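*Asks:* Okay, here's the structure, questions in a sec.
The values are calculated or read from the model by the stated rules, or taken from the named source; none is laboratory data. Computed from a prediction, not measured in an experiment: that's the story for all the values here. Ideal geometry is used to build each Cβ from the backbone, glycine not excepted, and the neighbour counts take in all protein chains shown. Heavy atoms of the whole protein, side chains included, go into the accessibility calculation; ligands, DNA and RNA do not. Shrake-Rupley method; radii C 1.70, N 1.55, O 1.52, S 1.80 Å.
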Amino acid sequence: MNHFGGRPGAHSTDDLKGKIYDRKLYARMLHYLKPYIWMVVISFIILMCATFSEIVLPLIQRTAIDDYIVSDKTLLIFPDKAELKAFLGDYQVLKLKSYDTPSLSYVILSTKEINKIDAQELKNYRAQNQLCPVNIYLLQNTPGNRRILDKTLSQNPVGEIVDGDIEGWIKLSGDKILLTKTQ
């Protein structure tokens, strides 16, 4: 009897430490597995897909929440193209994109980008009602999206500012629609 109280000849955990890989054992297992090799391959592929989806799903959820459900974007309005050009030049490291309407230009800033802009400059933009307290959503400019928006909001073709706020939705340059929602 061994010191674990088991049957004679039984292995203790100390005896098994050196025997991690046994070539004969794996050869016998592969022999029995041979008729099912396609099932093993398919199972492996399904396992990789499931693992990939577990990794990607949180990234998709983060994008959906941050960009579409709870917008962290703020609108900076520029009535003057020269001022817009100077602003984009000062903060070119942020790679900001501007959007235009016939009378105004817009820069959409995320919270991360706002934190990188000079505090005094932001204070000046707020004082001039250029930094709007609205939630911003960018949508594709499709007939379906315009039809849905027209049922609930009116189009604001020039991006008119009313009491420091923009009402309605705005068709921007390119293929984007700017949807604003007061906080």
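*Asks:* Given the structure, is Asn129 open to solvent by 20 Å² or more (accessible area, probe 1.4 Å), more than 16 Å from Leu172 (Cα to Cα) and either outside any helix (DSSP H, G or I) or at pLDDT below 85 (or both)?
*Replies:* yes
*Asks:* Among the residues of the range 111-119, are any modelled with pLDDT under 90, hydroxyl-bearing (Ser, Thr, Tyr), in a strand (DSSP E or B) and under 14 Å from Lys73 (Cα atoms)?
*Replies:* Within the range 111-119, not a single residue is modelled with pLDDT under 90, hydroxyl-bearing (Ser, Thr, Tyr), in a strand (DSSP E or B) and under 14 Å from Lys73 (Cα atoms).
*Asks:* In the range 109-124, what residues are open to solvent by 20 Å² or more (accessible area, probe 1.4 Å) and either touching a Phe, Trp or Tyr at 6+ places or on another chain (Cβ under 7 Å) or not charged (D, E, K, R) (or both)?
*Replies:* Within the range 109-124, Ser110, Thr111, Ile114, Asn115, Ala119, Gln120, Asn124 qualify.
*Asks:* Taking the stated definitions as given, is Ser103 among the hydroxyl-bearing types (Ser, Thr, Tyr), exposed (fewer than 13 other Cβ atoms within 10 Å of the Cβ), closer than 22 Å to Ile177 by Cα and in contact (Cβ under 8 Å) with a residue 40 or more places away in the chain?
*Replies:* Yes; evaluated as a whole, the condition is true for this residue.
*Asks:* Now, a different point. Can you tell me which residues in the range 132-156 are aliphatic (A, V, I, L, M) and open to solvent by 30 Å² or more (accessible area, probe 1.4 Å)?
*Replies:* Hits for the range 132-156 are Leu138, Leu139, Ile148, Leu153.
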